[in-house]
Amino acid sequence: MKYGIYYAYWEQEWSADYKPYIEKVAKLGFDCLEIACTPVVNYTRQEMLDLKQCAKDNGIFLTAGHGPNARQNLASADPEIAKGARAFYTDLLKRLELMDIHTIGGGIYSYWPVDYSKPIDKPGDWARSVAGVREMGKVAQDCGVDYCLEVLNRFEGYLLNTSEEAVQFVREVDCPAVKVMLDTFHMNIEEDSIGDAIRTAGPLLGHFHTGECNRRVPGKGRTPWREIGYALRDIGYDKNVVMEPFVRMGGTVGSDIKIWHDISRGATEAELDRDAAESVKFERYMLENL
Ligand SMILES: [Mn+2]
């Protein structure tokens with residue numbers, strides 16, 4: 001397994017200059033940095049090549065996360081929005097290929113955060129999303145990218161809340177590049193058994209997010225890491241484990257993630273760095289060596 005961290009641990013917006021974080025995570029003991037796609041669609045070709053080179057120079061590879069907005073919704077009942085969403089992902093996937101990024105994950109079959117003031121048509125959105133994701137999966141396959149559908153808890157999404165639902169969805173899509181993505185934070189809310197959820201995804205698991213129940217770094221809470229490690233080994237998982245801690249209030253990140261108190265307890269950047277470095281050591285031990 002390869003170990004990464006999402007840049008937004010240190011940032012308050014879904015966009016940043018990622019180069020300093022590539023250098024930082026290399027020093028902290030990670031294999032990979034996950035970036036948000038929001039700024040990527042505005043990068044020039046040279047900016048994309050520079051980011052790719054920076055990662056290469058630091059011995060880091062990149063993965064991509066995306067929380068699609070309502071206009072990027074493949075499940076939309078509005079044909080113009082669904083068409084625009086397909087154009088958005090087609091462009092994005094080609095950009096990821098150019099940057100040597102081979103994994104994209106998130107609620108990339110719907111939109112996020114969900115507006116629950118609107119009525120929910122789960123069967124209709126499911127059918128439209130299967131068709132849209134199938135089309136994007138073919139593009140992803142051509143670009144050498146795994147298109148990983150993140151299972152989200154009920155407060156953030158309604159299409160895929162459990163591993164079982166995601167497996168059914170991915171089987172309906174039936175495209176090798178489209179995979180299941182699980183996140184310990186969401187599983188903690190929705191799954192009867194976190195170990196069984198991982199075993200249910202089995203060979204379809206394409207990406208894995210980690211974090212404690214309150215989104216602190218792994219090792220600082222009560223998530224069953226031993227059970228998770230055994231389950232990942234049971235299915236022979238050999239892809240990426242990306243921690244996704246969110247501990248600071250403020251900005252669009254704080255608002256979208258619902259950070260309403262300072263989970264970091266006033267941690268300085270140096271303290272955040274130290275926690276991340278200790279956590280990745282903890283993950284390597286708990287998930288592979290225990
Ligand atoms: Mn996640």
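Looking at ALA55, ALA75, just one residue is within 23 Å of GLU150 (Cβ to Cβ) and in contact (Cβ under 8 Å) with a residue 60 or more places away in the chain, and that residue is ALA75. Return yes or no: is ASN153 out of contact with any Cys (no Cβ under 7 Å at 6 or more places or on another chain) and within 12 Å of the ligand (Cβ to nearest atom)? Here the answer is yes, as ASN153 does meet what is asked.
Quick grid of which residues meet (1) crowded, with 24+ Cβ neighbours inside 10 Å; (2) acidic (Asp, Glu); (3) not in a strand (DSSP E or B):
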| position | (1), (2), (3) |
| --- | --- |
| LYS138 | no, no, yes |
| TYR147 | yes, no, no |
| LEU152 | yes, no, yes |
| LEU160 | yes, no, yes |
| VAL180 | yes, no, no |
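Only a single item in (1) buried (at least 16 other Cβ atoms within 10 Å of the Cβ); (2) within 21 Å of GLU13 (Cβ to Cβ) is not met by VAL280, and it is number (2). Taking the condition of a type outside the set (Phe, Trp, Tyr), away from the ligand (no atom under 16 Å from the Cβ) and under 23 Å from TYR3 (Cα atoms), does ARG171 pass? Against the criterion (of a type outside the set (Phe, Trp, Tyr), away from the ligand (no atom under 16 Å from the Cβ) and under 23 Å from TYR3 (Cα atoms)), ARG171 does not qualify.
Quick grid of which residues meet (1) within 16 Å of the ligand (Cβ to nearest atom); (2) closer than 26 Å to PRO113 by Cβ:
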site: ASN188; (1), (2): yes, yes
site: ALA197; (1), (2): yes, yes
site: ILE235; (1), (2): no, no
site: PHE246; (1), (2): yes, yes
site: SER255; (1), (2): no, yes
site: ASP273; (1), (2): no, no
site: LYS281; (1), (2): no, no
site: ARG284; (1), (2): no, no
site: ASN289; (1), (2): no, no
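Scan segment 140-154 and give yes if some residue there is of a type outside the set (A, V, I, L, M) and farther than 24 Å from HIS209 by Cα, otherwise no. The answer is yes; a qualifying residue exists.
What about PRO203, is it part of a helix (DSSP H, G or I), free of Cβ contacts under 8 Å to residues at least 60 places away in the same chain and more than 13 Å from the ligand (Cβ to nearest atom)? Judged against the criteria, PRO203 is a match.
Being within 22 Å of THR210 (Cβ to Cβ) and among the aromatic types (Phe, Trp, Tyr) is true of TYR21. Taking ARG128, is it surrounded by fewer than 23 Cβ atoms within 10 Å (Cβ to Cβ), within 28 Å of TYR43 (Cβ to Cβ) and more than 16 Å from the ligand (Cβ to nearest atom)? No.
All of the numbers you see were taken from the coordinates with simple rules; none came from a lab. Computed from a prediction, not measured in an experiment: that's the story for all the values here. Every residue, glycine among them, receives a Cβ derived from its backbone with ideal geometry; neighbour counts consider all protein chains shown.
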